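Engineer: Attaching a single structure in structure tokens format; questions to follow.
The values are calculated or read from the model by the stated rules, or taken from the named source; none is laboratory data. What you are looking at is a predicted structure, and each value in this text was computed from that prediction instead of being measured. Backbone-built Cβ (ideal geometry, glycine too); neighbour counts: all protein chains shown.
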């Protein structure tokens, strides 16, 4: 009887702890959404003043902010294409082929995920100083850095998908007289596509949100995270929360959209 | 995953065709661009930074390699408090993340039922928007006259925390070591939870029943069955939390004060805003890189390379 009561308490303590931690993780997002409708009492949008849709109506009140967003999105698109292409090729080689120096390459792929960002940024900027000079820092050095730190995440994601694939499907294609190229285009690629798309989304998210490596390799360019970081010293307008909320809503909508075919499929079954 | 990969290695080659025999150049062609990219922009820069860390000079006159190893001892003596802060905050953050993340991952893995995926989505979902903006949101929640601060003042917790040196004074949560660690735990908790969840989820729940059948108490079952089996997740989770935490300076900058400066801030300041600071920044970067590499290599030796990815 007593042990039963203890068990009940323990089970519910665990539940309570879980709920509290989830609230802790979600609280800042809620604050961000709510404060995007605030009319800030001063330069800092930290204290609730009164409801206003002003920031949503004029998201580009600061033109610096909107040009920084444009720059961040452009960099993220180019870095995503580069990292996804390079990483997918590596993932195919790692799962489908035998070659020398396999474990060395595994370590090389793991290290960028394990190194603190600030050291990667620092060593890379030192490398650029010594090769192309500090004047050459800018758009392309940011892109190079972003491809570098996203690459390993692409490899991991695509590799997981490849490893989980049923190898008999490709054998079946070969039995049906498909050439290796046909098998790759008609069987392998469609099956790996979700993994490649997930990897692309991940590297886009990593790129658009990066501050530390970006600030070290940016030269005179200002990306959106750099704008937020710098503005923190003199003002935090409600527009920043509007951009944050928009990013959140777009991602949530994208995920919901991706679930729709799944739901329809299970309903039919 | 390791087993699956090995199986594919063995099975894939004959399936795709006899043309892919020994000396097949294809894997090297596939690997070359990605591996070269990492060698050129990740590996070689580490060596450049080692060389830069023993140079002297300034931005105007240029830097020359003088093998001045004293740059290291200078760095340590000038910035010993920043180094101490970084270590203390990142260790505290890692321990707290494990203490909070373990019960969370445990609950989702064993009690989550059909809500498992939704709950894990809730853990990751906050990251769908800029982490700088989310960190700024804590300025609102922990604000000086806000409800959280006032409640903790009423129950005298702030007095205790100020006494322990976690707060700068007993009426303010922000601009303190507490706020920095708090923000770091918030930002890095998902990094702990994900690997923990992955390894807990693999554990067969029937092992718990077996423990109970053998008259093991719930705690004993956890201690002797669940905990050892979840160790790979614990190691991966703490590693993936500690490493970004030790280099992080966003939380120290946004939620801390000049008294909570960490290594990352020093590196950024020396590299971007100081005339002759770039060897110092390199020295600091090299120390941080070598330190993390040692930790990672230790981990690789224990866990093997295939499990990393």
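Engineer: Right, residue A:138: more than 7 Å from chain B (Cβ to nearest Cβ), at pLDDT 90 or above and within 22 Å of the chain's Cα centre (by Cα) or not? Write out each step before concluding.
Structural biologist: On the way: more than 7 Å from chain B (Cβ to nearest Cβ): yes; at pLDDT 90 or above: yes; within 22 Å of the chain's Cα centre (by Cα): yes.
Yes; evaluated as a whole, the condition is true for this residue.
Engineer: Within the range A:178-198, is there a residue that is farther than 17 Å from residue A:84 by Cα and not in a helix (DSSP H, G or I)?
Structural biologist: Yes, the range A:178-198 contains at least one residue that is farther than 17 Å from residue A:84 by Cα and not in a helix (DSSP H, G or I).
Yes or no, residue by residue, for (1) modelled with pLDDT of 90 or more; (2) within 25 Å of the chain's Cα centre (by Cα); (3) more than 10 Å from every other protein chain (Cβ to nearest Cβ):
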position: A:160; (1), (2), (3): no, yes, no
position: A:168; (1), (2), (3): no, no, no
position: A:174; (1), (2), (3): no, no, no
position: A:182; (1), (2), (3): no, no, yes
position: A:215; (1), (2), (3): yes, yes, no
position: A:218; (1), (2), (3): yes, yes, no
position: A:236; (1), (2), (3): no, yes, no
position: A:244; (1), (2), (3): yes, yes, no
position: A:253; (1), (2), (3): no, yes, yes
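Let's see how each residue does on (1) closer than 22 Å to residue B:99 by Cβ; (2) more than 13 Å from every other protein chain (Cβ to nearest Cβ):
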residue	(1), (2)
B:199	yes, yes
B:209	no, yes
B:216	no, no
B:222	yes, no
B:228	yes, yes
B:234	yes, yes
B:254	no, no
B:289	no, no
B:294	no, no
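Engineer: Would you please name the residue that is surrounded by the fewest Cβ atoms within 10 Å (Cβ to Cβ), looking only at residues in the range B:254-279 that are more than 24 Å from the chain's Cα centre (by Cα) and outside any helix (DSSP H, G or I)?
Structural biologist: The selected residue is B:275.
Engineer: Taking the options B:290, B:193, name whichever one is free of Cβ contacts under 8 Å to residues at least 24 places away in the same chain, under 18 Å from the mean Cα position of the chain (by Cα) and in a helix (DSSP H, G or I).
Structural biologist: On the way: B:193 fails: free of Cβ contacts under 8 Å to residues at least 24 places away in the same chain.
Answer to the check: B:290.
Engineer: A follow-up question, please. What's the total number of residues in the range B:22-53 that are more than 8 Å from every other protein chain (Cβ to nearest Cβ) and either at pLDDT below 50 or in contact with a helix residue (DSSP H, G or I) (Cβ under 6 Å, 6 or more places away or on another chain) (or both)?
Structural biologist: Selection size over the range B:22-53: 2.
Engineer: If a residue has to be more than 17 Å from residue B:112 (Cβ to Cβ) and more than 9 Å from chain B (Cβ to nearest Cβ) to count, how many in the range A:1-22 make the cut?
Structural biologist: Counting residues in the range A:1-22 that are more than 17 Å from residue B:112 (Cβ to Cβ) and more than 9 Å from chain B (Cβ to nearest Cβ) gives 6.
Engineer: Is it true that residue A:120 is part of a helix (DSSP H, G or I) and at pLDDT below 90?
Structural biologist: Working: part of a helix (DSSP H, G or I): yes; at pLDDT below 90: no.
So residue A:120 does not fit the description; no.
Engineer: Scan the range A:92-107 and tell me whether some residue there is within 30 Å of residue A:222 (Cβ to Cβ), part of a helix (DSSP H, G or I), in contact with a helix residue (DSSP H, G or I) (Cβ under 9 Å, 6 or more places away or on another chain) and touching a residue at least 60 places away in the same chain (Cβ under 8 Å). Explain how you work it out, then say what you get.
Structural biologist: From the range A:92-107, those within 30 Å of residue A:222 (Cβ to Cβ) are none; that's our starting set.
Looking for residues that are within 30 Å of residue A:222 (Cβ to Cβ), part of a helix (DSSP H, G or I), in contact with a helix residue (DSSP H, G or I) (Cβ under 9 Å, 6 or more places away or on another chain) and touching a residue at least 60 places away in the same chain (Cβ under 8 Å), one finds none in the range A:92-107, hence no.
Engineer: Let me ask something else about it. Just to be sure before I move on: is residue A:198 more than 12 Å from chain B (Cβ to nearest Cβ), in contact (Cβ under 8 Å) with a residue 12 or more places away in the chain, closer than 22 Å to residue A:114 by Cα and surrounded by fewer than 23 Cβ atoms within 10 Å (Cβ to Cβ) in the structure I sent? Steps first, please.
Structural biologist: On the way: more than 12 Å from chain B (Cβ to nearest Cβ): yes; in contact (Cβ under 8 Å) with a residue 12 or more places away in the chain: yes; closer than 22 Å to residue A:114 by Cα: yes; surrounded by fewer than 23 Cβ atoms within 10 Å (Cβ to Cβ): yes.
For residue A:198, the condition - more than 12 Å from chain B (Cβ to nearest Cβ), in contact (Cβ under 8 Å) with a residue 12 or more places away in the chain, closer than 22 Å to residue A:114 by Cα and surrounded by fewer than 23 Cβ atoms within 10 Å (Cβ to Cβ) - is met.
One line per residue, one yes/no per condition, for (1) assigned by TED's automatic domain parsing to the domain that holds residue A:150; (2) under 28 Å from residue A:206 (Cβ atoms); (3) at pLDDT 90 or above:
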position: A:12; (1), (2), (3): no, no, no
position: A:21; (1), (2), (3): no, yes, yes
position: A:39; (1), (2), (3): no, no, no
position: A:44; (1), (2), (3): no, no, no
position: A:75; (1), (2), (3): yes, yes, yes
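Engineer: Let me ask something additional. Does the range B:270-286 hold any residues that are more than 9 Å from chain A (Cβ to nearest Cβ) and closer than 18 Å to residue B:42 by Cα, and which are they?
Structural biologist: Hit for the range B:270-286 is B:283, nothing else.
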